[in-house]
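Report on the structure given below.
Nothing in this text is a laboratory measurement; each read-out follows from the coordinates by a stated rule. Treat the numbers as computed from the prediction; the structure is a model and nothing was measured. Cβ sites come from the backbone with ideal geometry, for glycine too, and all protein chains shown count toward neighbours.
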Amino acid sequence: MFQTHGIPTVKNEEWKYTSLEPLEKNIFELVKDNKLADRSALFEYCNPQEINIVFVNGIFSADLSNLKNIPSGIIHCPLQEAVAKDLPKIKEFLTKYDPSQKTPFAALNEALNSDGLYIRADQNTACKELIHIVHVTSASRRNSASMPRTLMVLEKSSEATVLESHLSFDDKAVYFANALTDIFLDENATLHYCKSQKESQNAFHIGQTRVWQERNSNFDGFSFMAGGALTRNDLDVVINGEGASANLNALYNMSTTQHVDNHTSVDHRVPNGTSNQLYKGILNQAARGVFNGKIFVRPVAQKTNSYQLNKNLLLGKDCRVDTKPQLEIFADDVKCTHGATIGQLDEDQMFYLQTRCIPSKIARRMLAQGFVDDLFSKIKNESIHHKLDKLVQPSFQALE
Amino acid sequence: MIEIKNLHAQVGGIEILKGINLKINAGEVHAIMGPNGSGKSTLAKVIAGHPDYEVTKGEIIYDVNFKKINILELAPEERAREGIFMAFQYPVEIPGVNTSVFLRAAFNEICKHQGAEEMDPIDFDLYIRKKMKLLNMDDKFITRPVNVDFSGGEKKRNEILQMAVLNPRFSVLDETDSGLDIDSMRIVADGVNKLKTKDNATLLITHYQRLLNYIVPDYVHILRHGKIIKSQGKELALEVEEKGYDWLS
């Protein structure tokens, strides 16, 4: 499919604000080695005591992973093995999506990934420990490509907390990470899921997360994006069971000439579903952000509650945001609201802080931090909260 | 302590203050009353240094360490550090910024300015709890974001809490009483009275005589069309309450 369609251009509505020309100019090569030179940097970010499932250049590293605390009821294995053995929900899940709707990058991932992860929570399993899936690109090779691939299945009434991190410890490394994550939430399952992206400043990150929700399931999602020269982050949720709810929160924090394009899609296919989207962006210098949020409410999906808000804080003179809500509502008894704000720091708030002795430079930091903390307060897992806080701090310190 | 001399100020090209003269000594409480649009809030904002208000003439001379300085030359945070405080008529909500973090940051700016050691979070917690008792405030209050989802009364109490924490020499209370029920107003007034010393001074800006039953001023000034048209003792407030402002002009 990727071969037929190739890399999409800006003429494609889905890529209107994001040109992939810089990606196209490079030739990337899949890497076969999973060695990481700088272990200390990795363990500064990951807590070695926590459950860590580490992939280097898209290949699993048993050496860097910590699997010993994985509780019973959580099953994991290479995705290829799970497919070969036809483990529960695999076939059922992989055939749910309309192949004609597949994005070229998802097709590319499926064609090229050789070492995916299958992880499943069995029925009634409540896993309290954070499961940290780490995709790190080592700087040893130039122009490497990796295809991170994860399939998560939460069986009936199970609960888990997962952080999926995409990162590199060399900010100059040029590479292409094309990630695909599938999440299946069966009846009454709850997943707290965070995707954290802090790739190299020169990297290309294209990622898609697809979430399928059955009756009364909860998806509590958070996306954090701070790295990459060019980032595209898609989060597509299908509400396929009544009473299911999805929270899509995100922070993108970009500077220099970084470009981040967020696409969300929430497809309400049944009645009584709930979805909440809050995407916040802080852009500095000449960074550019895009938010495109789709909400579909199918004719049968009465009593849907759907809310979407995109808030942008522009701190730099040359930054820019394009925000585009896209609501397609075919049911008449629904509550759907959407909104977008783009602005600089609030002058009244600045003045208020200054009258309380706080100099303008610190006031700016406090307000930017407040903009973030307001959102971070929605992250229930302390370890995730702490990790993201550490990633975002340097950008506040740099504020003038 | 502070002397306002022939102060003219405009906002968006419209002149609001048209030559204010006012002298306030340490230990005094002054009240400014006046109808809507007379320039009361503008005066408060000019004293605090709001960037939207342009001073076209005059000066505000303030005593700092036996020296006289014109505060119009200082940034808002510099004025605040020298002990000038304004309680906002409409306190600003700051989502995501924790009240106690905010108060400690403010307090430590003053410590730094005075060459004193900054207070650590534990000591500050004890310090602030004492101040909160003064205003009958719930402990939970300081863990919430600044003014977010506060009731009108809570916002005004938070202003006076900030005043208690920063311990200013000169405070301007801009309609601190408006929108408060009688119980909240009593708590706020009690707080202000307890903070009063012979070394500090307060300027109350109000619409209503009611507040002045609780915080008794030494002088009452009537502001109209950007000028002080009458100054007298506290009895003037009662007269205004009874007769309105028209007889004055």
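List the residues whose amide H sits under 5 Å from the amide H of B:Lys230, counting only those 5 or more places along or on another chain, with H placed 1.01 Å from N in the peptide plane.
For B:Lys230, the qualifying residues are B:Ile222.
Cut-off 10 angstrom, C-alpha nodes, Gaussian network model of chain B. Which of B:Tyr219, B:Tyr62, B:Tyr127 fluctuates the most?
Fluctuation is largest for B:Tyr127.
Of the options B:Ile222, B:Leu103, B:Gly12, report the single residue whose Cα projects farthest towards the positive end of the charge dipole of the stretch B:2-248 (beta-carbon charges: Lys, Arg +1; Asp, Glu -1).
Value computed over the given set: B:Ile222.
Under a 10 Å cutoff between Cα atoms, tell me which one of A:Val334, A:Val162, A:Val266 has the largest fluctuation in the Gaussian network model of chain A.
A:Val334
Arranged by the count of other C-beta atoms within 10 angstrom, fewest first, what order do A:Leu278, B:Leu212 take?
Numbers: A:Leu278 18, B:Leu212 22.
Sorted ascending by nearby Cβ count, the order is A:Leu278, B:Leu212.
Could you derive backbone 3J(HN,Hα) for the stretch B:4-10 from the dihedral phi with the Karplus parameters 6.51, -1.76 and 1.60 (θ = phi - 60°), listing whole Hz in sequence and x where the residue is Gly or Pro?
Residue by residue, the stretch B:4-10 yields 9, 10, 6, 7, 10, 9, 9 Hz.
Just to be sure I understand: of the beta bridges DSSP finds with both ends in the protein assembly as shown, what percent are antiparallel, rounded to 5? Walk me through the intermediate numbers first.
Working: 35 of 188 bridges.
Percentage antiparallel, nearest 5: 20.
What net charge do the residues around A:Leu278 carry, taking every other residue with its C-beta under 14 Å from that of A:Leu278, with Lys and Arg at +1 and Asp and Glu at -1?
Working: positive: A:Lys280, A:Lys311, A:Lys378; negative: A:Asp220, A:Asp373, A:Asp374.
Once all neighbours under 14 Å are counted, the net charge is 0.
Report the trypsin sites (Lys or Arg not before Pro) located in the stretch A:143-195 that are in a DSSP loop and have at most 16 other Cβ atoms inside 10 Å of their Cβ, or state none. Display every interim value, and only then the final one.
Details: sites: A:Arg149, A:Lys156, A:Lys172, A:Lys195; in loops: A:Lys156, A:Lys172.
For trypsin sites (Lys or Arg not before Pro) across the stretch A:143-195 that sit outside H, G, I, E and B with at most 16 neighbouring Cβ atoms in 10 Å, the list reads A:Lys172.
Take peptide A:370-378, look around each residue's Cβ out to 10 angstrom, count Cβ atoms belonging to other protein chains, and average those counts.
Details: counts 10, 4, 1, 6, 6, 2, 1, 4, 0.
Per residue, the number of nearby Cβ atoms from other chains is 4 on average.
Which order do B:Lys5, A:Lys32 fall in if you start with the one that has the fewest other Cβ atoms within 10 Å? Before the final figure, lay out each step's value.
Numbers: B:Lys5 15, A:Lys32 11.
Taking fewest neighbouring Cβ atoms as first place, the list is A:Lys32, B:Lys5.
Using the Karplus equation 6.51 cos²θ - 1.76 cosθ + 1.60 (θ = phi - 60°), what ³J(HN,Hα) coupling, rounded to whole Hz, does each residue of the stretch A:54-66 give in order, writing x for Gly and Pro?
Once θ is set to phi - 60°, the couplings for the stretch A:54-66 become 10, 10, 10, 6, x, 10, 4, 10, 5, 4, 8, 8, 10 Hz.
Ranked highest first by average number of other Cβ atoms within 10 Å, how do A:371-382, A:208-219 line up?
Values: A:371-382: 17.5, A:208-219: 23.0.
Highest mean packing first, the order is A:208-219, A:371-382.
What does the charge count near A:Leu117 come to, summing +1 for each Lys or Arg and -1 for each Asp or Glu among other residues with Cβ under 11 Å from its Cβ?
On the way: positive: A:Arg120, A:Arg149; negative: A:Glu81, A:Asp115, A:Glu164, A:Asp182.
Spelling it out: positives minus negatives among the neighbours equals -2.
Which whole number gives the average count of other chain Cβ atoms within 10 Å of the Cβ atoms across peptide B:73-80?
Details: counts 0, 0, 3, 12, 12, 3, 3, 6.
The per-residue average across the peptide is 5.
If you plug each phi of the stretch A:76-88 into the Karplus form 6.51 cos²θ - 1.76 cosθ + 1.60 with θ = phi - 60°, what whole-Hz ³J(HN,Hα) values come out, in order, with x for Gly and Pro?
9, 6, x, 4, 4, 5, 4, 5, 4, 7, 6, 5, x
Residues with beta-carbon under 12 Å from that of B:Trp247, excluding B:Trp247: net charge, scoring Lys, Arg +1 and Asp, Glu -1? Mind showing how you got there, number by number?
Details: positive: B:Arg224, B:Lys230, B:Lys243; negative: B:Glu239, B:Glu242, B:Asp246.
Net charge around B:Trp247: 0.
Most exposed first by the Cβ proxy, i.e. fewest other Cβ within 10 Å, how do A:Tyr175, B:Tyr214 rank? Before the final figure, lay out the partial values.
On the way: A:Tyr175 26, B:Tyr214 16.
By the 10 Å Cβ count, ascending: B:Tyr214, A:Tyr175.
Would you tell me the mean number of C-beta atoms belonging to other protein chains that fall within 10 Å of each C-beta in B:98-104, as a whole number? Walk me through the numbers on the way to the answer.
Values: counts 4, 0, 0, 4, 6, 1, 0.
If you average over the peptide's residues, the count of other-chain Cβ atoms is 2.
Ranked highest first by average number of other Cβ atoms within 10 Å, how do A:63-71, A:181-189 line up?
Values: A:63-71: 14.1, A:181-189: 23.8.
Result, highest mean first: A:181-189, A:63-71.
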